[in-house]
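Q: Mind having a look at this structure? Questions to follow.
Quick note: the coordinates plus some simple rules give every number you see, no bench work behind them. None of these values were measured; they are calculated from a predicted model. Here the Cβ positions follow ideal geometry from the backbone for every residue, glycine too, while neighbour counts run over all protein chains shown.
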Amino acid sequence: MPQVYINPITKEKATILKTSEQTNGTYTLIEVKLQPGGGNPIHFHEQFTEHFFPQEGILGVHYLGKEILLKPNEDFKVPLLDVHRFYNPNDQPIIFRAKLEPGQPDFENFMAVLFGLVRDGKTFSKNQIPYNPFHAFLLFDWGDTQVDHFIFRLFKPLISLLVTLSRKLGYEKRLLQKYKNQ
């Protein structure tokens, strides 16, 4: 049965159609219903490529400073380390699929926990930052959503240590027990 997550702030609905486990680690396949104006910030990934497939409506992809508008039956693959974001440029909701290669069980955890924390009112602002910094460190690690900014690069080693501390303090286990497969 697919795992469905709804973000009450962005009104984004994400359905994991194929988990990394189901594909023997080859890929994770997610279907997203995105509201008008919805999208994510500029970022890049170190651990997986992101391949976009619009299903209904036009999907906007900002890629290396260029705007790409994808229609159904078109696709676009973002290689490792390339700066990008996706967004809905339409006045109606859109549906697209994203294939993450290789499979990303951590990103699956990221979606389950972030959307759960938002639903439970445990984040602040429309940026959906958890009140608990240990939760934020784990989400940062699971999502592999990197920001190309000198402050981010400066603090990345410290964040890695705080991720380890979050795990040792039991936050990872508690978050996964509460939000995974809800």
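Q: Under 5 Å between amide H atoms, partner at least 5 residues away or on a different chain: which partners does Val83 have, H built in plane at 1.01 Å?
A: Leu64
Q: Shifting gears a bit: For the chain, build the charge dipole from Cβ charges (+1 Lys, Arg; -1 Asp, Glu) around the Cα centre, then report which of Leu80, Phe150, Ser125 sits farthest towards its positive end.
A: Ser125
Q: For each of Lys156, Lys126, count neighbouring Cβ atoms within 10 Å of the residue's Cβ, then give the residues from fewest to most.
A: Lys126, Lys156
Q: Can I ask one more? If you place +1 on the Cβ of every Lys and Arg and -1 on the Cβ of every Asp and Glu, how big does the dipole about the Cα centre of the chain come out, in debye to the nearest 20?
A: For the chain, the charge dipole is close to 620 debye.
Q: Apply the Karplus parameterisation 6.51 cos²θ - 1.76 cosθ + 1.60, with θ equal to phi minus 60°, to every residue of segment 60-72 and state each ³J(HN,Hα) to the nearest whole Hz, in sequence, with x for glycine and proline.
A: x, 10, 8, 9, 6, x, 10, 9, 10, 10, 9, 9, x
Q: Mind checking the dipole of segment 101-182: about its Cα centre, +1 per Lys or Arg Cβ, -1 per Asp or Glu Cβ, Debye to the nearest 20?
A: Dipole of segment 101-182, to the nearest 20 debye: 400 debye.
Q: Let me ask another. Among Leu64, His45, Ile6, whose Cα sits farthest toward the positive end of the charge dipole of segment 3-101 (+1 at Cβ of Lys/Arg, -1 at Cβ of Asp/Glu, about the Cα centre)?
A: Ile6
Q: Just the number: Rg to Rh for the chain, Cα atoms, Kirkwood Rh, two decimals.
A: On the way: Rg = 15.9 Å, Rh = 16.8 Å.
That ratio equals 0.95.
Q: List, in the order given, every pair from Lys156/Lys178; Lys18/Lys71; Lys11/Lys173; Lys66/Lys156; Lys18/Lys173 whose Cα-Cα distance in the structure shown is over 25 Å.
A: Result: Lys156/Lys178; Lys11/Lys173; Lys66/Lys156 exceed 25 Å.
Q: Oh, and also: Would you calculate the separation in nanometres between label points at Gln3 and Asn132, each defined as 7 Å from the Cα along the Cα-to-beta-carbon direction?
A: 1.8
Q: Let me check against my output: what whole-number percent is the relative contact order of segment 3-101, with C-alpha pairs under 8 Å and at least 6 apart? Don't jump to the answer; show the numbers that get you there.
A: On the way: 244 pairs, mean separation 32.8, N = 99.
Relative contact order here is 33 percent.
Q: Give me a comma-separated list of calculated 3J(HN,Hα) values for segment 32-40, in order, Karplus coefficients 6.51, -1.76, 1.60 applied at θ = phi - 60°, integers in Hz, x for any Gly or Pro.
A: Result, rounded to whole Hz: 10, 9, 10, 6, x, x, x, x, 10.
Q: Note the angle between two axes, namely the Cα long axis of helix 150-168 and the longest principal axis of the Cα atoms of the chain, as a number of degrees from 0 to 90, rounded to the nearest 10.
A: Tilt of helix 150-168: around 60 degrees.
Q: Around Asn73, what is the net charge, scoring Lys/Arg as +1 and Asp/Glu as -1 over all other residues with Cβ under 14 Å from its Cβ? Spell out each step's value before the answer.
A: Values: positive: Lys71, Arg97; negative: Glu56, Glu74, Asp75.
Its environment carries a net charge of -1.
Q: Further, regarding this structure: For segment 5-85, give the magnitude of the charge dipole about the Cα centre (Cβ charges: +1 Lys/Arg, -1 Asp/Glu; no others), in debye to the nearest 20. Mind showing how you got there, number by number?
A: Numbers: 8 positive and 10 negative charges, 41 e Å.
Dipole magnitude for segment 5-85 comes out near 200 debye.
Q: Using only Cα atoms, tell me the angle between helix 105-119 and the longest principal axis of the chain; keep it within 0 to 90° and round to the nearest 10.
A: 80
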